[in-house]
Amino acid sequence: MIKEKVKANDNIFVYISKDIKVNGAILKKYSVGIIESKGKKESKVNFIWFKEPIAISNSDYKIFDPVKTGDLYLKKVCNVCQRLLNTKIFSKKELSCGECKKIIDGFNVNSKKIKGRKKNKTELEFFNCPVCDKTAIPKLTNKIALDHSHKDLHIRGWVCDGCNAGISKFKDEIILFTNAIKLLN
């Protein structure tokens, strides 16, 4: 099979047109990848979820222009599931699709646990964030959030909105926090 190597600056972005089983995992329909090399019948495609390129039949993917994606276009790539999806399923200016956003925001956290914790939340009283020590008055000077693990949905406690966003950027991975500390030092 003759393969044509794709140059780094000539990235060809693709999305797959159906679910594909890869090493026991499912690569979901619309997952985005970059062609590493193209053959007559199949191409090697790099996907964010796999360390090695995956052989994909040329009939199982479609090429798209990543510059023509986002809020102003019909399609947008979710920053969590890495799929090219209809822009209508994203909230305005959100980077995550509706399905991923529900998971990130704790939609799947046990509602009885949340209700119990929310009863204990102080509103219009001073709140000190246990992470940054910022003092705020919830709903007046700053938002606070009920922080939880996205892996096992364990509720960790109340933090300011900024720290909650920061913690979520590290995806509950201690190694990412460790790397950030090394960078700061």
- Query: What pairs in 44/92; 28/182; 51/76; 28/143; 62/88 have C-alpha atoms more than 28 Å from each other?
  - Reply: 44/92; 28/182; 28/143
- Between residue 126 and residue 74, what length in nm is gained on full extension when 0.36 nm per residue of separation is reduced by their alpha carbon distance? 14.3 nm
- Given a Förster distance of 35 Å, the FRET efficiency implied by the Cβ-Cβ spacing of residue 59 and residue 149, rounded to the nearest 0.05, works out to 0.30
- If you stretched the chain out fully between residue 26 and residue 134, how much longer would it get, using 0.36 nm times the residue separation minus the C-alpha to C-alpha distance? 34.6 nm
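Mind jotting down a quarter of the surface of the convex hull over the alpha carbons of the stretch 4-64, in square nanometres, one decimal?
Working: hull surface 15.6 nm².
Mean projected area for the stretch 4-64: 3.9 nm², to one decimal.
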- FRET efficiency for residue 181 and residue 95, using Cβ-Cβ distance with R0 set to 25 Å, rounded to 0.05: 0.50
- Query: For residue 174 and residue 41, what does the FRET efficiency come to when R0 = 30 Å and r is the distance between their Cβ atoms, rounded to the nearest 0.05?
  - Reply: 0.10
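No lab work stands behind these numbers, since they all come straight from the coordinates. Model, not experiment: these values are computed from the prediction. All Cβ positions, glycine included, derive from the backbone under ideal geometry; neighbour counts span all protein chains shown.
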